[in-house]
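The structure that follows is given in the form of structure tokens.
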Amino acid sequence: MAEIRRVGVLGCGLMGSGIAQVAATAGYDTIVRDVSKEFLDRGRAGIEKSLAKFVEKGKLPAADRDAALQRLTFTTAVADLQPVDIVIEAITEDLALKNALFKELDTLCGAGTVFASNTSSLTIAEMAAATKRADRFVGLHFFNPVPLMALVEVVRTVTTSEQTFKRAFAFAASLGKEPVAAKDNSGFIVNLLLVPYLLDAIRAVERGVGSVPDIDKAMVLGCGYPMGPLTLLDFVGLDTTHHIAEIMFKEYREPRYAPPPLLKRMVLAGMYGKKSGKGFYDYSANPPIVNNLGL
Ligand code: CAA
Ligand code: NAD
């Protein structure tokens with residue numbers, strides 16, 4: 001079993017930048033690809049800020065931060081991922097986009113390279129089938145914010161070989177994460193349970209059950225959750241949540257996965273949450289204030 005030394009990450013958004021950060025911090029030479037320099041620069045700035053926080057808090061020696069940054073390369077060229085031992089895909093939640101990239105990389109990367117997707121809701125087998133390495137294909141589902149969240153779901157499809165699954169599981173542990181095994185069901189373990197809860201919180205806003213801050217406050221103080229559901233939705237991204245809901249609803253045909261109308265309208269208006277500056281809250285103010293949704 002070849003050792004994993006070089007890691008390729010596709011996408012340098014919220015998740016890709018976090019995955020690249022933890023891989024580089026764990027000692028892997030890491031190369032990240034996004035479609036433009038602008039996205040790469042934004043991701044790199046996020047990584048630098050996050051590493052600086054760890055140094056500031058005494059959780060990471062400054063020399064280790066510098067070494068991690070040295071191990072990171074940023075590129076817009078897919079071909080630069082040719083020599084990596086594992087590819088972790090973290091691009092927009094869209095099957096056609098993901099499959100096009102996996103197909104291209106399948107012809108570029110060596111037979112020993114493992115392919116992994118960080119998808120929240122798509123079926124891993126559907127991506128594996130787009131390649132000629134379905135036995136070397138897994139799901140590696142990280143959580144946001146990646147540098148702080150301990151869990152990784154390691155997803156085995158009907159075609160994943162035992163050796164690939166073990167390799168991916170050991171790799172997740174080598175990043176300092178706690179891996180769990182999950183089946184290739186849309187949403188795996190966490191999103192199967194979390195997504196209906198988040199969508200119900202939007203339905204509660206639509207019905208006027210409580211105000212946005214009161215719904216958040218109720219779940220933080222009433223259930224001991226670290227964030228209220230509407231803050232968490234802004235944090236995850238409303239565009240990403242809308243993709244996830246569409247995919248899970250198509251898979252399960254159950255109303256609890258259906259995207260609420262308000263979610264669709266907010267996405268159409270460009271309110272993607274924290275990353276675009278506005279969602280259920282308006283992040284141009286510090287601290288953020290409730291966004292006027294005309295409800
Ligand atoms: N890197 C490094 N340090 C960071 C950081 C980052 N990216 N973000 C925050 N920190 C630090 C902060 O500086 C802070 O340090 P101090 O205590 O010294 O100030 C510390 O971490 C804690 O941060 P905060 O005080 O801002 O906030 P917190 O105590 O509430 O913890 C949190 C932050 C871990 C994000 C917590 O709020 C939490 O667990 N929230 C829920 C997150 C969650 O549910 N994620 C899953 C989303 S769903 C998903 O990912 C799956 C999917 O497919 C959609
Ligand atoms: P994001 O919108 O923050 O970032 C997506 C990035 O992918 C963007 O920078 C975009 O330019 C880039 N991209 C699009 N097409 C590309 C391509 N062909 N090649 C390279 N880069 C490309 O999204 P995100 O939140 O980082 O989500 C990424 C993936 O991770 C999705 O599959 C999502 O479901 C999953 N995920 C998200 C979360 C979350 O909380 N946001 C948690 C776990 C998993």
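Which of the following residues is away from ligand 1 (no atom under 14 Å from the Cβ), surrounded by 21 or more Cβ atoms within 10 Å (Cβ to Cβ) and not small (Gly, Ala, Ser): VAL78, VAL146, VAL84? Walk me through it before giving the result.
Values: VAL78 fails: surrounded by 21 or more Cβ atoms within 10 Å (Cβ to Cβ); VAL146 fails: away from ligand 1 (no atom under 14 Å from the Cβ).
Criteria check complete, one pass: VAL84.
Let me ask something additional. Kindly indicate the residue of segment 1-56 that is over 24 Å from GLU153 (Cβ atoms) and open to solvent by less than 20 Å² (accessible area, probe 1.4 Å) and also farthest from ligand 2 (Cβ to nearest atom) among those meeting that condition.
Filtering segment 1-56 for residues that are over 24 Å from GLU153 (Cβ atoms) and open to solvent by less than 20 Å² (accessible area, probe 1.4 Å), the one farthest from ligand 2 (Cβ to nearest atom) comes out as LEU51.
Name the residues in segment 235-256 that are closer than 19 Å to ASP184 by Cα, of a type outside the set (Lys, Arg) and open to solvent by 30 Å² or more (accessible area, probe 1.4 Å), would you?
Of everything in segment 235-256, those that are closer than 19 Å to ASP184 by Cα, of a type outside the set (Lys, Arg) and open to solvent by 30 Å² or more (accessible area, probe 1.4 Å) turn out to be HIS243, GLU246, ILE247, PHE249, GLU251, TYR252, GLU254.
Within 11 Å of ligand 1 (Cβ to nearest atom), in the same structural domain as LEU95 (by TED's automatic domain parsing) and either hydroxyl-bearing (Ser, Thr, Tyr) or under 20 Å from GLY27 (Cα atoms) (or both), is that true of ALA170? Step through it out loud before you land on a result.
On the way: within 11 Å of ligand 1 (Cβ to nearest atom): no; in the same structural domain as LEU95 (by TED's automatic domain parsing): yes; either hydroxyl-bearing (Ser, Thr, Tyr) or under 20 Å from GLY27 (Cα atoms) (or both): yes.
Against the criterion (within 11 Å of ligand 1 (Cβ to nearest atom), in the same structural domain as LEU95 (by TED's automatic domain parsing) and either hydroxyl-bearing (Ser, Thr, Tyr) or under 20 Å from GLY27 (Cα atoms) (or both)), ALA170 does not qualify.
Looking only at residues in segment 57-73 that are outside any loop (DSSP other than H, G, I, E, B) and open to solvent by 40 Å² or more (accessible area, probe 1.4 Å), which one is nearest to ligand 2 (Cβ to nearest atom)?
THR73
Taking ARG156 as meeting all but one of (1) touching a Ser or Thr at 6+ places or on another chain (Cβ under 7 Å); (2) within 24 Å of VAL195 (Cβ to Cβ); (3) of a type in the set (D, E, K, R), write down the number of the exception.
(1)
Could I ask something else about it? Please pick out the residue among ALA182, ALA201, ALA245 that is part of a helix (DSSP H, G or I) and closer than 28 Å to THR157 by Cα.
Numbers: ALA182 fails: part of a helix (DSSP H, G or I); ALA201 fails: closer than 28 Å to THR157 by Cα.
None of the others qualify; the one that does is ALA245.
Filter segment 257-276 down to residues that are outside any helix (DSSP H, G or I) and open to solvent by 20 Å² or more (accessible area, probe 1.4 Å) and give me whichever is farthest from LEU293 (Cα to Cα).
The residue in question is ALA258.
LYS217 is checked against (1) open to solvent by 30 Å² or more (accessible area, probe 1.4 Å); (2) within 13 Å of ligand 1 (Cβ to nearest atom) and fails just one. What number does that condition carry?
(2)
The values are calculated or read from the model by the stated rules, or taken from the named source; none is laboratory data. Bear in mind that the values here come from a model prediction, so they are computed numbers and not experimental data. Cβ atoms come from the backbone with ideal geometry, glycine included; neighbour counts cover every protein chain shown. Side chains are part of the model used for accessible areas, which takes the heavy atoms of the whole protein and leaves out ligands, DNA and RNA. Shrake-Rupley method; radii C 1.70, N 1.55, O 1.52, S 1.80 Å.
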